1. Less than 27 Å apart at the alpha-carbon level, and either on another chain or at least 8 residues along: which lysines does that give for Lys61?
2. Accessible area of segment 132-197 with a 1.4 Å probe: how many percent of it is carbon plus sulfur?
3. Under the rule of -39500 (n - 2.57) per DSSP H run of 4 or more residues, summed and divided by the residues of the chain, what mean residue ellipticity at 222 nm is obtained, to the nearest 500 deg cm²/dmol?
4. For the ranges 133-143, 232-242, what's the packing order if you count other beta-carbon atoms within 10 Å of each residue, average per peptide, and put the highest first?
5. Per 10 Å bin, what is the whole-percent P(r) computed from every C-alpha pair distance within the chain?
6. If you find the alpha carbon centre of segment 342-369 and of segment 167-185, how far apart are they in angstrom?
7. Taking a probe of 1.4 angstrom, what is the accessible area of Leu336 in Å², to the nearest 10?
8. Leaving out ligands, DNA and RNA, and with a 1.4 Å probe, what % of the accessible surface on segment 206-355 is carbon or sulfur?
Amino acid sequence: MSFSEKALTAYSSGDVLQAQDFVHQALKQDNDDELFSLAENLTAIGITDAAKTIYKQLLQKYPKEDILKIDLAEILISDNKIDQATDLLEQVSPESSDYLSALLVSADLYQTIGLYEVSEQKLQTALKLAPTEPVIQFALAELYFVENKFAQAEVFYEKLINQGQKNFSGISLIQRLASAYAGEGKYEQAAQEYQLVPLDTMTADNQANYATVAIELKKFSTAQKILDNLLTTTPDYSAGYNLAVKVAIQQQDYQLAVKQAQIGLGYDPFNPELYQLGSQAALKTGNFQQAKDLLIQGIEQVADNSKLIISLSNLYLQIEDHQANLDLLNKYYQELADQPRFYWNLARSENALEQFDQALKDMLNVYQQYQDNAFYLKDLINILRQKSQPQLLQAATKRYLQLVPNDEEINELEQELSDLDDN
């Protein structure tokens, strides 16, 4: 038995120190074919440091062997040594019999560092050299899928499926194609593809995607069935609860929606959407306290909590607890100072508490952002009426009536202002 064989046996039995010693002996005594085979086998089982050492030794002896450069480059990419890997791959000329392999590894390298256009160029060059090669078609499909270029991804997934491929590198092509259809908004086609795959064989992500498609098609009972399976088999899949709450809300089962949100938060207390959706459902049941408690809990738990703060502010405005609203917004002034809705909500409570000067200042601060919003303009009009500023009030009413010309109250107000001008 060669030292290479002994090394592999030792690694498989978990005797790492003995295996390392055998690798060291193999580098001294085994022939080059045995070493190359050992390096390939070590790479396959994830022992890349030892494989890298072997490839480097072989390259010193065979500096023109392109396959050694390519295999070593693959390991360097996984080690995030991009420059070294690039240098090796660029040494493989188009005339080399291994050039196609070099293109594929180069494409993987550039995709790893986010240079998708360069990766695509490499793969398109490879495709011209081997237009029917499934590995290249799959690599292009995956690249386009990652880039959200779903129509282009579909072309290659469909080609592979038409060639009789159902799975590639452990990935279900049917599920990928369904996800691509869904990403492009082709929900009926996506659903047809998902129906070809048993739920129990789908990944959690694909079950969630399938449920999303069903929701888009308003097939809520189908979505519920998918989500029941998903959350039974993967109860800690946080995004599944977001979908379950949405389905319950669509079916107007608001108690269930709150329950699903609470279960999901038990697994993932940092999920902002569950606090938001759970609060919305609680409001539908008329349970303002529960809605408020969910938002307060979310604000305390979630790092990026600005949307939850605004939602709680909206809730305080809805129940006309203006002092609580001011206290909340002033507490989070630094976090919300760049959000127009913050000033609008602040002004509404300031106006209700007769802080008219500050209310007007805050409302005018976001006029540019909300000048096409009829609800904002009506709030501004109400504040201006308190401030007795006829010119500003007249401008606001004219702007408002361009958006809502049939509002009798504001039409009467504009007429009053016009009569004052005439006098």
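The values are calculated or read from the model by the stated rules, or taken from the named source; none is laboratory data. Note that the coordinates shown come from a computational prediction; the quantities given were computed from them, not determined experimentally. Glycine gets a Cβ as well: all are built from the backbone with ideal geometry, and neighbour counts include every protein chain shown. When the accessible area is computed, the model is the full protein with side chains, heavy atoms only, and any ligands, DNA or RNA have been set aside. Shrake-Rupley method; radii C 1.70, N 1.55, O 1.52, S 1.80 Å.
1. The qualifying lysines are Lys6, Lys28, Lys52, Lys69, Lys81.
2. 47
3. That comes out to -24000 deg cm²/dmol.
4. Top of the packing list down: 133-143, 232-242.
5. Reading the bins upward from 0: 4, 14, 16, 17, 17, 14, 9, 5, 2, 1, 0, 0.
6. 50
7. The value for Leu336 is about 0 Å².
8. Roughly 45 percent, rounded to a whole number.
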